[in-house]
Amino acid sequence: MGEAPNERESRTDSSALNIVQNLERVRARIAAAAAAAGRPAADVTLIAVSKTRPESAVRTALAAGQLRFGENRVQEMAAKFSRLRAEQPDLRLHLIGSLQTNKVRLAVRLADVIETLDRPRLADAIALAIQQEGRTPTLLIEVNVADEPQKSGIPRDAADPFIEACLHRFGPALKGLMGIPPPKENPAPYFAWLAACAHRHGLALLSMGMSADLEAAIAAGATQVRVGTAIFGARP
Ligand SMILES: *Cc1c(COP(=O)(O)O)cnc(C)c1O
C-alpha cells in the first residue's frame, strides 16, 4: 500500500520547514557574529552548500530567498542546476570542491565562482577554458592552510608566488582566497593566516567558515561562509 497523499505532503512540508527555519538560524548566527566583530551583516555572504541534496531542497531554500549555492562536483552542479538556472536568473553557483583539469571547461561554463584554483596546471586549464567559453567566473585560490597532505589547496609556502602569478594572469577576476582549517583544531589561527595573506595581496574576498566554525571565520574577516549541514541537515 502506498502512503496517503496527505501523509506524504506533511512529511515533505516538515522537511521544507526545517530548511527554512535552519536558514533563518544561520542568517541570525551570521548577523550576530558580524555584530560582535563590529562588521555589517551585509559584509558576509551565505553560500548554501547543497552537495548530495536533491533539487527539491534547493528549491525550498530558493523560495526562502537563498540565491547562492555551493557544490563540490561539476557534474552534480550541472545535473541539479541547469533547469533551476534557466528558471531563476539571479541564482549564483560556487564550485567549492577540488577541480580536475578535464572538468574545467564545464566548470567555467556553469560556475559563477570557482573557489578551488590551487595549482599552476589548473590555472592553465582555466585560462584556456575562459577563452573557449567566452565567460569568466570569479576565481578564488584555495590555500592548504595547515599543509595537510591529504587536502587540496596550494601549500602555504607556495601561496605568495602563485597568487602573484594568478593576479598577473587573471587580473580582477581573481578576487580572493578560500581555506579549510583542520577539523578538531582551533580554527582561529588558520583563519587569521588566510586573512593576512589576502590582505597582503589586496584580495577582497575571503571564503572561510562552515557550519561548525562560521563565527570564528567572521571574527577573522570572512566575507563568505559555506554552510551545508546547518541548513540542510546531516548528509547521508
Ligand atoms: C561540504 C563543504 C562545506 C560545508 O560544510 P558543512 O560542515 O556541512 O557546513 C563547506 N566547504 C566545503 C569546501 C565543503 O566541501
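How many residues are of a type in the set (A, V, I, L, M, F, W, C), in a helix (DSSP H, G or I) and at pLDDT 95 or above when one looks only at the stretch 84-133?
14
Test Lys175 against the criterion of being charged (D, E, K, R) and more than 14 Å from the ligand (Cβ to nearest atom), and give yes or no.
Numbers: charged (D, E, K, R): yes; more than 14 Å from the ligand (Cβ to nearest atom): yes.
Against the criterion (charged (D, E, K, R) and more than 14 Å from the ligand (Cβ to nearest atom)), Lys175 qualifies.
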By residue number, the members of the stretch 28-73 that are within 15 Å of the ligand (Cβ to nearest atom), of a type in the set (D, E, K, R) and either in a loop (DSSP other than H, G, I, E, B) or in contact with a strand residue (DSSP E or B) (Cβ under 7 Å, 6 or more places away or on another chain) (or both) are Lys51, Arg53, Arg68, Glu71, Arg73
Only unsatisfied item for Gln224, checking (1) buried (at least 23 other Cβ atoms within 10 Å of the Cβ); (2) within 10 Å of the ligand (Cβ to nearest atom); (3) under 28 Å from Asn18 (Cα atoms), is (2)
Some residue of the stretch 184-194 being more than 24 Å from Thr136 (Cβ to Cβ) and basic (Lys, Arg) | yes
Across the stretch 189-209, the tally of residues that are farther than 13 Å from Ala33 by Cβ and touching a residue at least 24 places away in the same chain (Cβ under 8 Å) stands at 13
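Per-residue answers, yes or no, for (1) polar (S, T, N, Q); (2) surrounded by fewer than 23 Cβ atoms within 10 Å (Cβ to Cβ); (3) within 15 Å of the ligand (Cβ to nearest atom):
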residue: Gly134; (1), (2), (3): no, yes, no
residue: Val145; (1), (2), (3): no, no, yes
residue: Gly153; (1), (2), (3): no, no, yes
residue: Ala159; (1), (2), (3): no, no, no
residue: Gly171; (1), (2), (3): no, yes, no
residue: Lys184; (1), (2), (3): no, yes, yes
residue: Leu203; (1), (2), (3): no, yes, no
residue: Met208; (1), (2), (3): no, no, yes
residue: Thr229; (1), (2), (3): yes, yes, yes
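Does Ile218 satisfy the criteria of being β-branched (Val, Ile, Thr), within 16 Å of the ligand (Cβ to nearest atom) and within 21 Å of Gln100 (Cα to Cα)? Break it down into steps so the answer makes sense when it comes.
On the way: β-branched (Val, Ile, Thr): yes; within 16 Å of the ligand (Cβ to nearest atom): yes; within 21 Å of Gln100 (Cα to Cα): no.
No; evaluated as a whole, the condition is false for this residue.
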Note: among Gly233, Gly176, just one is surrounded by 21 or more Cβ atoms within 10 Å (Cβ to Cβ) and either of a type outside the set (S, T, N, Q) or in contact with a His (Cβ under 9 Å, 6 or more places away or on another chain) (or both), namely Gly176
- Query: Residue check: is Glu76 within 13 Å of the ligand (Cβ to nearest atom) and in a helix (DSSP H, G or I)?
  - Reply: yes
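Is it the case, given these coordinates, that Ser82 is within 13 Å of the ligand (Cβ to nearest atom) and among the polar types (S, T, N, Q)? Let's see the steps before the verdict.
Working: within 13 Å of the ligand (Cβ to nearest atom): no; among the polar types (S, T, N, Q): yes.
Taking the combined requirement at face value, the residue does not satisfy it.
The values are calculated or read from the model by the stated rules, or taken from the named source; none is laboratory data. Nothing here was measured: the structure is a model prediction, and the numbers come from that model. Methodologically, a virtual Cβ is constructed for each residue, glycine included, from the backbone with ideal geometry; neighbour enumeration extends over all protein chains shown.
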